[in-house]
Amino acid sequence: MVQAAAVNIPSLSAGNFATVYNLFSLAIACLLFTSLYLVVSQRQVAKQYRNAVIVSATVCAIAAYHYFRIFNNFEDSYPPGQTIDSAHQLSNIEFNEGYRYVDWFLTVPLLLLETVAVLALGRAASKKLLFKLIPASALMIALGYPGEITNEVVPRLVWGTLSTIPFLYLLYVLFVELSKSLDRQPEEVKHTIKMLRIALVGLWGVYPIAYLFPILGGDFFGGEGGFVLKQAGYSIADILAKAAYGLAIYKVARVKSRLEDPEYDDHPDTVHDDDDDGPVRDRLVGANGTGRVNRTARTS
């Protein structure tokens, strides 16, 4: 059986270790604080779009948690040498890529859920899309994992090919069936939503490329360079596909909220306190620090 390059690299130079270490730290910071920002800001969008923002925050929180686990596992797998310039040798604790797959198994379906949620389609149309998107995305991740953990070329290729089938189905749904729903979106957000689809699929393209590194082998792809490039690709793609994507979803929700309800304007000091049984209160804080409360009744 043809062997792929080793999944765990025997050692990392001090420079390569620091690069991966800092990338993991960056990912934790981006994902964690984006999650907090979205939770705090979710009342700045209309009620029908808050689910999309909360799901975005949940995606970032789940990813941040798993990056904490990856970060700690990385430190345990490659402990420091005798000096700051010494290589970090692989310990008896393997570097576990399974954390990433658990994260993706949870967050990729949620990314698709937030995309559909911000469109605010009818209940029947949303259910129809989610019934197609969520199982296919979970299957894509589940089929990729057995290939990720094997050192043999043929099984890795087989599982990678099987994982590609639901991926292609997702492309069909996102770019054919979902396109029909985009025609009903406001012109102000239609282009942004189209670009979000392209960005999401483009970022997903990073993962299968990194998946092939052990098969390509060689001194670079099968060694330290490939390992560092793989972790960098995964980390940057996760930051963009989750934190940046979540902020873009929030932007779409803000624009649609403003178009549908002038109360959700872009005034930075407006706080919306929605109460199902009472008025909506908009507190506008003046430059002198005093507040003016404007109470308006919302008709149901």
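Could you grab me the full set of residues in the range 174-189 that are surrounded by fewer than 17 Cβ atoms within 10 Å (Cβ to Cβ) and at pLDDT 80 or above?
Within the range 174-189, PHE175, VAL176, PRO186, GLU187, GLU188 meet the criteria.
Given the conditions (1) part of a loop (DSSP other than H, G, I, E, B); (2) of a type in the set (S, T, N, Q); (3) open to solvent by less than 20 Å² (accessible area, probe 1.4 Å), which single one is not true for THR150?
(3)
What do you reckon, is ALA52 buried (at least 19 other Cβ atoms within 10 Å of the Cβ) and farther than 19 Å from PHE105 by Cβ?
Working: buried (at least 19 other Cβ atoms within 10 Å of the Cβ): yes; farther than 19 Å from PHE105 by Cβ: yes.
So ALA52 fits the description; yes.
So which of VAL40, VAL53 ends up being out of contact with any helix residue (DSSP H, G or I) (no Cβ under 8 Å at 6 or more places or on another chain), β-branched (Val, Ile, Thr) and assigned to a helix (DSSP H, G or I)?
That would be VAL40, the only listed residue that is out of contact with any helix residue (DSSP H, G or I) (no Cβ under 8 Å at 6 or more places or on another chain), β-branched (Val, Ile, Thr) and assigned to a helix (DSSP H, G or I).
Which pairs do you get when a residue that is closer than 20 Å to PRO214 by Cα and in contact (Cβ under 8 Å) with a residue 60 or more places away in the chain, found in the range 7-27, comes within reach of a residue that is among the aliphatic types (A, V, I, L, M) and open to solvent by 30 Å² or more (accessible area, probe 1.4 Å), reach meaning Cβ atoms under 6 angstrom, with the pair 6+ apart or on two chains?
ASN8/LEU90; PRO10/LEU90; SER11/ALA87; SER13/ALA87
Which numbered condition in (1) part of a helix (DSSP H, G or I); (2) of a type outside the set (Lys, Arg); (3) open to solvent by less than 50 Å² (accessible area, probe 1.4 Å); (4) at pLDDT 90 or above is the only one that PHE95 fails?
The failed condition is (1).
Could you please find all residues in the range 157-191 being among the charged types (D, E, K, R), out of contact with any helix residue (DSSP H, G or I) (no Cβ under 8 Å at 6 or more places or on another chain), part of a helix (DSSP H, G or I) and under 22 Å from ARG123 (Cβ atoms)?
Once the filter is applied, which keeps residues that are among the charged types (D, E, K, R), out of contact with any helix residue (DSSP H, G or I) (no Cβ under 8 Å at 6 or more places or on another chain), part of a helix (DSSP H, G or I) and under 22 Å from ARG123 (Cβ atoms), the range 157-191 yields only LYS180.
The values are calculated or read from the model by the stated rules, or taken from the named source; none is laboratory data. The structure displayed is predicted, hence computed values, not measured ones. So basically every Cβ, Gly included, is an ideal-geometry build from the backbone, and we count neighbours across all protein chains shown. When the accessible area is computed, the model is the full protein with side chains, heavy atoms only, and any ligands, DNA or RNA have been set aside. Shrake-Rupley method; radii C 1.70, N 1.55, O 1.52, S 1.80 Å.
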